[in-house]
Amino acid sequence: LLTTGISTFSHATTAVKLTTKIWPPYHYFDSQEKLTGESVEVIKCAFNKIDTPLEIQVLPWARAQQQVKINNADGFFSASWNEKRDQYAVRTTDIAEQKWTWFYLDPSIDPNSIEFKENTEVAATNGSNIANWLDANDYKLKNIVSETENLIQMLIKNRIEIFMGNELVVEKMMEEQNLNADFIKSTARSMPVGIYFSKYFLKSQNPDFMPLLNNAITDCRYDNDR
């Protein structure tokens with residue numbers, strides 16, 4: 001668990017518990033086994049600004065979300081918006097940008113065509129908002145795997161024709177593994193990410209918690225961008 005912050009918010013007696021997954025460059029362990037990354041640094045900064053203790057637990061992504069849904073954790077990140085999550089949780093302002101991007105090798109593929117949507121089998125990672133969106137929008141989602149790395153390898157080995165993933169995550173993973181596959185990219189959607197807090201948790205907080213945290217997140221992102 002990662003702990004940050006020095007005092008409590010609104011008389012809280014325990015740390016806010018967030019769950020996440022390993023997802024470079026947003027969250028990953030550095031060479032000293034310290035959890036860091038683009039999202040992690042913004043979150044740590046924001047919680048320090050509102051003087052609130054924080055614990056972060058790394059889990060498989062589907063389980064990380066489930067822990068919040070059943071109130072075993074207070075929130076999960078980094079998460080883009082979807083209706084299912086809104087049923088039991090509330091998302092903060094954006095902590096980082098995200099582009100949902102198609103990756104493929106065959107230049108004859110046109111992800112924007114009607115024929116593509118009707119006939120082409122696509123792939124994504126289990127528990128991801130991308131997979132949920134593809135399924136809800138009637139794409140032929142036939143391959144759902146546990147990790148982005150699996151999607152990259154499957155495409156390189158021609159076991160799949162195309163997958164949708166987070167552009168930064170895929171490019172970072174390929175860079176770290178020295179993969180030189182000449183993937184074609186087509187951006188599908190801009191879907192910024194934030195922290196989803198359970199509605200159960202928010203009911204126990206001072207009503208100013210979310211506005212204060214959102215302001216702190218905005219300040220921290222602005223500081224990082226300067």
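The values are calculated or read from the model by the stated rules, or taken from the named source; none is laboratory data. Model, not experiment: these values are computed from the prediction. Here the Cβ positions follow ideal geometry from the backbone for every residue, glycine too, while neighbour counts run over all protein chains shown. The accessibility values were calculated without ligands, DNA or RNA, using every heavy atom of the protein model including side chains. Shrake-Rupley method; radii C 1.70, N 1.55, O 1.52, S 1.80 Å.
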Gyration tensor over alpha-carbon atoms, region 46-147, equivalent ellipsoid semi-axes in Å = 32, 15, 13
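Per the helix-only calculation at 222 nm, which mean residue ellipticity applies to the chain, given -39500 (n - 2.57) for every DSSP H run of n ≥ 4 and division by its residues, nearest 500 deg cm²/dmol? Walk me through the numbers before you get to the answer.
Values: 9 runs with 80 residues, N = 226.
Value at 222 nm, helices only: -10000 deg cm²/dmol.
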task = Return the carbon/sulfur percentage of the accessible area of the chain, one whole number, probe 1.4 Å, all protein chains in place.
result = 44
remark   = What one gets for region 102-226 as the Kirkwood radius, inverse of mean 1/r over different Cα pairs in Å, is 16.9
query = Given 44/117; 17/99; 44/142; 142/185; 99/142; 49/69, which pairs have Cα atoms separated by over 32 Å?
reply = 44/117; 44/142
query = For the pair residue 71 and residue 118, how long in nm is the line joining their label points, each one 7 Å along Cα→Cβ?
reply = 4.9
ask   = For region 146-204, rounded, prolate or oblate, judged on the Cα gyration tensor with a ≥ b ≥ c (square roots of eigenvalues), a/c < 1.5 rounded, else prolate if a/b > b/c?
value = prolate
task = Hey, could you grab the Kirkwood Rh for the chain? Inverse mean 1/r over distinct alpha carbon pairs, Å, one decimal.
result = 18.5
key: Residues in region 48-92 that a label on residue 206 would reach, taking backbone N under 12 Å of a point 7 Å out along Cα→Cβ   = 50-52
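Compute the FRET efficiency between residue 51 and residue 153 as 1/(1 + (r/R0)^6), taking r as their Cβ-Cβ distance and R0 = 45 Å, and round to the nearest 0.05.
0.50
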ask   = Just for the chain, what percent of DSSP beta bridges are antiparallel, to the closest 5?
value = 65
task = Hey, for a label at residue 109 modelled as a point 7 Å past Cα toward Cβ, could you say which residues of region 158-172 have their backbone N under 14 Å away?
result = 158-166
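Work the Kirkwood hydrodynamic radius out for region 103-175: mean of 1/r over every pair of different alpha-carbon atoms, inverted, in Å.
12.4 Å is the Kirkwood radius here.
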ask   = Per residue, how much accessible area does the chain show when a 1.4 Å probe rolls over the protein heavy atoms, in square angstrom?
value = 52
